[in-house]
Amino acid sequence: MTTNCIKFTSADIETAKGVGSISTLTFDLDITVEPVASSNPMAPTHRVLGRSPRGKLVECGGIWKKQNKETGADYYTLTIRDHGFNANLGKAASQDDLSLQAIIPWGPKDAA
């Protein structure tokens, strides 16, 4: 699989499981994402799991559904806590398959 992508089990990302990988100059993770059922609108839609050095699955981040303030369009963000990694999910380049989402990194917000 291409790095910095998640392949979900369906195009209905909010309820789908997925697998993927994130590679940067400082870390390289194979990830699994599992949907979270919650009535809390601030809860993540997915838990992100990575493997510990001993091979155990460990929760390491989350995916949240957000809404663009200008257009009202829904989008998803991903965070990997231990690495301070933040990204948006979007249609992978040259792909028509909406279940394949590119992980598009963006830097952490500056502390005020």
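The values are calculated or read from the model by the stated rules, or taken from the named source; none is laboratory data. Being a predicted model, the structure only gives us computed values, none of them experimental. Methodologically, a virtual Cβ is constructed for each residue, glycine included, from the backbone with ideal geometry; neighbour enumeration extends over all protein chains shown. For accessibility, only protein heavy atoms count, side chains too; no ligands or nucleic acids. Shrake-Rupley method; radii C 1.70, N 1.55, O 1.52, S 1.80 Å.
Regarding M42, is this residue in a loop (DSSP other than H, G, I, E, B), open to solvent by 80 Å² or more (accessible area, probe 1.4 Å) and either within 15 Å of I103 (Cα to Cα) or modelled with pLDDT of 95 or more (or both)? In short, no. Screening W106, W64 for residues that are among the hydrophobic types (A, V, I, L, M, F, W, C) and open to solvent by less than 80 Å² (accessible area, probe 1.4 Å) leaves exactly one candidate, W64. Only one of the numbered conditions (1) part of a loop (DSSP other than H, G, I, E, B); (2) modelled with pLDDT of 95 or more is not met by I63, and that is (1). Of all residues in segment 51-60, exactly one satisfies the criterion of being modelled with pLDDT of 95 or more and under 14 Å from G20 (Cβ atoms), namely C60. Inside segment 71-93, can you point out the residues that are open to solvent by 90 Å² or more (accessible area, probe 1.4 Å), part of a strand (DSSP E or B) and of a type in the set (S, T, N, Q)? Answer for segment 71-93, where residues must be open to solvent by 90 Å² or more (accessible area, probe 1.4 Å), part of a strand (DSSP E or B) and of a type in the set (S, T, N, Q): there is none. The residue pairs whose first member lies in segment 81-100 and is without any contact (Cβ under 8 Å) to a residue 12 or more places away in the chain, whose second member is open to solvent by less than 60 Å² (accessible area, probe 1.4 Å) and aliphatic (A, V, I, L, M), and whose beta carbons are closer than 9 Å, counting only pairs six or more residues apart or on different chains, are K91/L100; K91/A102; A93/A102; Q95/A102. For V33, the conditions (1) modelled with pLDDT of 95 or more; (2) in contact with a helix residue (DSSP H, G or I) (Cβ under 8 Å, 6 or more places away or on another chain) are fulfilled apart from (2). Scan segment 67-74 and tell me whether some residue there is more than 16 Å from G20 (Cβ to Cβ), out of contact with any strand residue (DSSP E or B) (no Cβ under 7 Å at 6 or more places or on another chain) and acidic (D, E). Yes, the conditions are met somewhere in segment 67-74.
What about D30, is it assigned to a strand (DSSP E or B) and open to solvent by 90 Å² or more (accessible area, probe 1.4 Å)? Considered against the rule, which asks whether it is assigned to a strand (DSSP E or B) and open to solvent by 90 Å² or more (accessible area, probe 1.4 Å), D30 comes out as yes. Taken over segment 6-21, the residue count meeting the criterion of being hydrophobic (A, V, I, L, M, F, W, C) and at pLDDT below 95 is 2.
Taking segment 44-64, which residues are of a type in the set (G, A, S) and in contact (Cβ under 8 Å) with a residue 12 or more places away in the chain?
Filtering segment 44-64 down to residues of a type in the set (G, A, S) leaves 50, 52, 55, 61-62.
Once the filter is applied, which keeps residues that are of a type in the set (G, A, S) and in contact (Cβ under 8 Å) with a residue 12 or more places away in the chain, segment 44-64 yields G50, G61, G62.
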